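Student: My questions all concern the structure below.
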Amino acid sequence: MEKKNLTGVSEFLLLGLSDDPDLQPLLFGLFLSMYLVTVLGNLLIILAVSSDSHLHTPMYFFLSNLSLTDVSFSTTTIPKMLVNLQTHSKSITYAGCLTQLTFFSLFACLESLLLTVMAYDRLVAICHPLHYLVIMNPRFCGLLVLVSFSISLLTSLLHYWMVSQLTFCEEVEVPHFFCDPPQLFNLSCSDTFINNILIYFIGAILGGVPLSGILYSYTQIISSILRVSSSYGKYKAFSTCGSHLAVVCLFYGTGLGVYLSSAVSSSHRKGVVASVMYTVVTPMLNPFIYSLRNKDIKSALWKIIIRRT
């Protein structure tokens, strides 16, 4: 195949979820609705936390950062997909593709690290309640978020650098609804062996280490809860981390499903559908998981509604 230099590649074609023109309006309406619910739900969480002084605690500080990350995570992929569905176009510029994969890597990594930080917060709250406010002071909480963001930013810049060094062949059709680095590696005429090794190594480190931290935290939490004598005490202790555990299972479960589906099946369509789960569905469901199971959030939201009326 004929090679193109970096400046010669002006755009990629995102094949999306389906080529059927009859499905385009249905997909547009479905993903527009899901995106609006995601943005509205997460912004309501942020508004509730910022407006109620009772929620100015480490747990809700991390939750508001997670909600902001969810909005940003969805915004990197869904709006471009909606524009392409509405205009019946599949193109994305070379610069736009690099920008999208950079921000996608940034917010995907940040979500994983924030979930780990939230698990540590629950560990301190349940296992060391008397020292909780001393350990989880505002300065330390801010530092945890800053470190998480810095690691995520470095990871995203590494992804950007790896893709920007590639040369591409005439075939620039990406079998996905966003610019996914592994898919771009497959389109390259360059030798991508090192790139593939590096990206899977990064994925293993930034997926495995946070998940190991979460599992360790919950091992300690469960061990501490089992030592509580009363059933009510056990329920109250575990209820404070039930929502977080549900979000962790949803995020890592769907993310793992993407990699398993791509490993088991050679069908690109199945991988794309699986990717929808953790890029679209998970950010949409997170606000519901936290608000429906959390009396403080529901109370803060009701106060906002009452004030507006």
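Student: Quick check, is L32 more than 21 Å from S188 (Cα to Cα) and surrounded by fewer than 19 Cβ atoms within 10 Å (Cβ to Cβ)?
Tutor: Details: more than 21 Å from S188 (Cα to Cα): yes; surrounded by fewer than 19 Cβ atoms within 10 Å (Cβ to Cβ): yes.
Yes: the conditions hold for L32.
Student: Go through segment 287-305 and give me each residue that's over 28 Å from the mean Cα position of the chain (by Cα) and at pLDDT below 80.
Tutor: The first filter runs over segment 287-305 and keeps only residues over 28 Å from the mean Cα position of the chain (by Cα), leaving 303, 305.
Within segment 287-305, I305 is the sole residue that qualifies.
Student: Mind checking which residues of segment 173-210 are surrounded by fewer than 16 Cβ atoms within 10 Å (Cβ to Cβ) and of a type in the set (D, E)?
Tutor: Matches in segment 173-210: E173, D191.
Residues are listed down the side, and each one gets a yes or a no for (1) at pLDDT below 95; (2) open to solvent by less than 20 Å² (accessible area, probe 1.4 Å):
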residue	(1), (2)
C109	yes, yes
A125	yes, no
H128	yes, no
H131	yes, no
C141	no, yes
V145	no, no
L158	yes, no
Q165	yes, no
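Student: Here are T99, T77, T93, T87: which of them is out of contact with any His (no Cβ under 9 Å at 6 or more places or on another chain), β-branched (V, I, T) and surrounded by 17 or more Cβ atoms within 10 Å (Cβ to Cβ)? Steps first, answer last, please.
Tutor: Numbers: T99 fails: surrounded by 17 or more Cβ atoms within 10 Å (Cβ to Cβ); T93 fails: surrounded by 17 or more Cβ atoms within 10 Å (Cβ to Cβ); T87 fails: surrounded by 17 or more Cβ atoms within 10 Å (Cβ to Cβ).
After applying the criteria, what remains is T77.
Student: Next question. Show the residue pairs that are 6+ apart or on different chains and have beta-carbon atoms under 9 Å apart, the first residue being within segment 203-227 and free of Cβ contacts under 8 Å to residues at least 24 places away in the same chain, the second being loosely packed, with under 12 Cβ neighbours inside 10 Å and in a helix (DSSP H, G or I).
Tutor: none
Student: Residues of segment 34-55 being of a type outside the set (A, V, I, L, M) and modelled with pLDDT of 90 or more, which ones? Lay out the reasoning, then the answer.
Tutor: Our first condition is that a residue be of a type outside the set (A, V, I, L, M); within segment 34-55, this holds for 35, 38, 41-42, 50-54.
Within segment 34-55, Y35, T38, G41, N42, S50 meet the criteria.
Student: Related question: Any chance segment 183-202 includes a residue that's polar (S, T, N, Q), part of a helix (DSSP H, G or I) and modelled with pLDDT of 90 or more?
Tutor: At the first step, the residues of segment 183-202 found to be polar (S, T, N, Q) are 183, 186, 188, 190, 192, 195-196.
Filter once more, so that each one left must be part of a helix (DSSP H, G or I): 183, 186, 195-196.
Narrowing the set further to residues that are modelled with pLDDT of 90 or more leaves none.
No, segment 183-202 contains no residue that is polar (S, T, N, Q), part of a helix (DSSP H, G or I) and modelled with pLDDT of 90 or more.
Student: Counting only residues that are assigned to a helix (DSSP H, G or I) and open to solvent by less than 80 Å² (accessible area, probe 1.4 Å), which one in segment 264-276 is modelled with the lowest pLDDT? Please lay out each step first, then the result.
Tutor: Filtering segment 264-276 for residues assigned to a helix (DSSP H, G or I) gives 264, 268-276.
Filter once more, so that each one left must be open to solvent by less than 80 Å² (accessible area, probe 1.4 Å): 271-272, 274-276.
On the way: G271: 68, V272: 76, A274: 73, S275: 79, V276: 83.
Per the stated criteria, the residue is G271.
Student: Right, another one. Condition first: touching a residue at least 60 places away in the same chain (Cβ under 8 Å) and among the charged types (D, E, K, R). Now tell me which residues in segment 10-52 satisfy that.
Tutor: E11, D52 - these are the residues of segment 10-52 that are touching a residue at least 60 places away in the same chain (Cβ under 8 Å) and among the charged types (D, E, K, R).
Student: To continue, here is another question. Output the residues belonging to segment 66-101 that are of a type in the set (A, V, I, L, M) and in contact (Cβ under 8 Å) with a residue 40 or more places away in the chain. Spell out how you get there, then give the answer.
Tutor: At the first step, the residues of segment 66-101 found to be of a type in the set (A, V, I, L, M) are 66, 68, 71, 78, 81-83, 85, 92, 95, 98, 101.
Of everything in segment 66-101, those that are of a type in the set (A, V, I, L, M) and in contact (Cβ under 8 Å) with a residue 40 or more places away in the chain turn out to be L66, V71, I78, M81, L82, L85, I92, L98, L101.
Student: How many residues does segment 211-252 hold that are buried (at least 17 other Cβ atoms within 10 Å of the Cβ) and not in a helix (DSSP H, G or I)?
Tutor: 0
Student: Within segment 64-91, track down each residue that is part of a loop (DSSP other than H, G, I, E, B) and over 12 Å from the mean Cα position of the chain (by Cα). Steps first, please.
Tutor: Quick first cut of segment 64-91, residues part of a loop (DSSP other than H, G, I, E, B) only: 76-77, 88-90.
If the condition is that a residue be part of a loop (DSSP other than H, G, I, E, B) and over 12 Å from the mean Cα position of the chain (by Cα), then H88, S89, K90 are the ones that fit.
The values are calculated or read from the model by the stated rules, or taken from the named source; none is laboratory data. This one's a predicted model, so the numbers in the text were calculated from it and none came from an experiment. A quick note on method: Cβ atoms are made from the backbone with ideal geometry, for glycine too, and the neighbour counts reach across all protein chains shown. With ligands, DNA and RNA removed, areas are computed over all heavy atoms of the protein, side chains included. Shrake-Rupley method; radii C 1.70, N 1.55, O 1.52, S 1.80 Å.
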